[in-house]
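Report on the structure given below.
The values are calculated or read from the model by the stated rules, or taken from the named source; none is laboratory data. All figures in this text were calculated on a predicted structure; none of them were measured in a lab. FYI the Cβ positions are ideal-geometry reconstructions off the backbone, even for glycines, and counts take in every protein chain you see.
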Amino acid sequence: MPMMLDSDLKSMPKIELHAHLSGSISRRCLHEIWRGKKAAGKTDLEDPLVVMPLEEPVVDINSFFPLFSSYIYRLVDDVESLHYSTSSVIEDFANDGVVYLELRTTPRSFPKGGLDRKGYVDAVLTAIDEAQQKYPSIQVRLILSIDRRNTLDEANEVVALATHFSSRGVVAVDLCGDPAKGDVSLFTPAFEAAKAQGLKITIHFAEAACSASETELQTILGWKPDRLGHVIHVPEHIRKQIAAVRPGIGLELCLSCNVQLKMITGDFDAHHFGEWWRVDGPVVVPCTDDVGVFDSPVSNEWKLIQRYFHLERDDVLSLARKGVDVIFGGDAQKTRLREIMW
């Protein structure tokens, strides 16, 4: 069977399950927000096209996380820019052929605008509702993230917010943030509470060597997560444990992110996607992570997979369809996607 053309990969109905809201904002969108605030005298930040030149990717994980705290969070810091950027992100995914999207975001407060974390989540969901009406080809659900730097009280607040907004499309809780920070065992009560409330769980897992100790990995697996993200620095016995003990678990693999940030050794052909996609049990889902930073939409992730791992047309379509099994949107969405993708 022939390989799929770039145009086929873009038009192919796709799902995206590991997209951070702030990291998915395009440079174009950030520039538009900056230009409006600059004209109104509301920012002293540099143009994002200077801070993040299109021709210069982020070079390593140490420069990646400060990009958000020192720039993106300072630019998108009010309801207007949050609404505009959320809508822009959904538009970009829809234009790339994504028909089901799970966005994730850490609830924040905007003190200058009098917006607390609950108001932040409400504003994001309002923007999602309006964008789905404007771009009816895509359905969007929201995941709320606990940052590794959070306290247990802050983590419990995230779970409470996810529970409160579950009727409006919040489907899960995530653990993310700088992998060098925090002790994940602190959050065990929060994730147990999330499970008890019927929320799904997805975790950034073994993202860096510093977050891949035996203790940390076993603690996370003890939470019985529904999906794992990245799964890079995973010892062989943990790989076997994931495959045997957690059959059907979703693995969110982000090729461009891992290669550009040098989170793996080697180029795309060395990515652990090649080790996972044929393994029985886990369901591999190619994802973007932060398309606004890495400039690689979902269709390009599939292109890279096809090129470096020699997947033929039937392989691509089969793998894309399997991803439906691990979405958090419920049976009605699974039925919809199977009708679209089968």
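Data overview
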{"quantity": "Scan of the stretch 4-43 for residues that are of a type in the set (Asp, Glu) and either at pLDDT below 95 or under 30 Å from residue 318 (Cβ atoms) (or both), ordered by number", "calculated": "6, 8, 16"}
{"quantity": "First in the stretch 3-14 and under 14 Å from residue 310 (Cα atoms) and in contact (Cβ under 8 Å) with a residue 60 or more places away in the chain, second anywhere and of a type outside the set (Phe, Trp, Tyr) and in a loop (DSSP other than H, G, I, E, B), Cβ under 8 Å, 6 or more apart", "calculated": "3/311; 3/312; 4/12"}
{"quantity": "Residues located in the stretch 197-220, provided they are aliphatic (A, V, I, L, M) and in a helix (DSSP H, G or I)", "calculated": "209, 217, 220"}
{"quantity": "Candidate set from the stretch 103-112 (those that are surrounded by 19 or more Cβ atoms within 10 Å (Cβ to Cβ) and polar (S, T, N, Q)); member that is nearest to the chain's Cα centre (by Cα)", "calculated": "105"}
{"quantity": "Search result, residues across the stretch 88-134 that are in contact with a Lys or Arg (Cβ under 6 Å, 6 or more places away or on another chain) and in a helix (DSSP H, G or I)", "calculated": "120, 125"}
{"quantity": "Count of the stretch 130-159 residues which are under 23 Å from residue 202 (Cα atoms) and either touching a Phe, Trp or Tyr at 6+ places or on another chain (Cβ under 8 Å) or not basic (Lys, Arg) (or both)", "calculated": "20"}
{"quantity": "Considering residues of the stretch 158-196 that are farther than 20 Å from residue 219 by Cα and part of a loop (DSSP other than H, G, I, E, B) only, the residue farthest from the chain's Cα centre (by Cα)", "calculated": "165"}
{"quantity": "Residues of the stretch 136-157 classified as crowded, with 18+ Cβ neighbours inside 10 Å and not in a strand (DSSP E or B), total", "calculated": "5"}
{"quantity": "Residue within the stretch 269-277 that is under 21 Å from residue 13 (Cα atoms) and in contact (Cβ under 8 Å) with a residue 60 or more places away in the chain present", "calculated": "no"}
{"quantity": "Positions within the stretch 250-273 being over 21 Å from residue 178 (Cα atoms) and either loosely packed, with under 15 Cβ neighbours inside 10 Å or within 16 Å of the chain's Cα centre (by Cα) (or both), in sequence order", "calculated": "250, 266, 267, 269, 270"}
{"quantity": "Members of the stretch 32-55 found to be surrounded by fewer than 16 Cβ atoms within 10 Å (Cβ to Cβ) and either under 22 Å from the mean Cα position of the chain (by Cα) or among the β-branched types (Val, Ile, Thr) (or both), listed by number", "calculated": "50, 54"}
{"quantity": "Every pair of residues 6+ apart whose Cβ atoms lie under 6 Å, when the first sits in the stretch 164-188 and is closer than 18 Å to residue 23 by Cβ while the second is of a type in the set (Ser, Thr, Tyr)", "calculated": "172/202; 174/145; 174/202; 176/145; 179/211"}
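Residue by residue, here is whether (1) buried (at least 18 other Cβ atoms within 10 Å of the Cβ); (2) more than 19 Å from the chain's Cα centre (by Cα); (3) among the small types (Gly, Ala, Ser); (4) at pLDDT below 95 holds:
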| residue | (1), (2), (3), (4) |
| --- | --- |
| 80 | no, yes, no, no |
| 96 | yes, no, no, no |
| 101 | yes, no, no, no |
| 116 | no, yes, no, no |
| 131 | yes, no, yes, no |
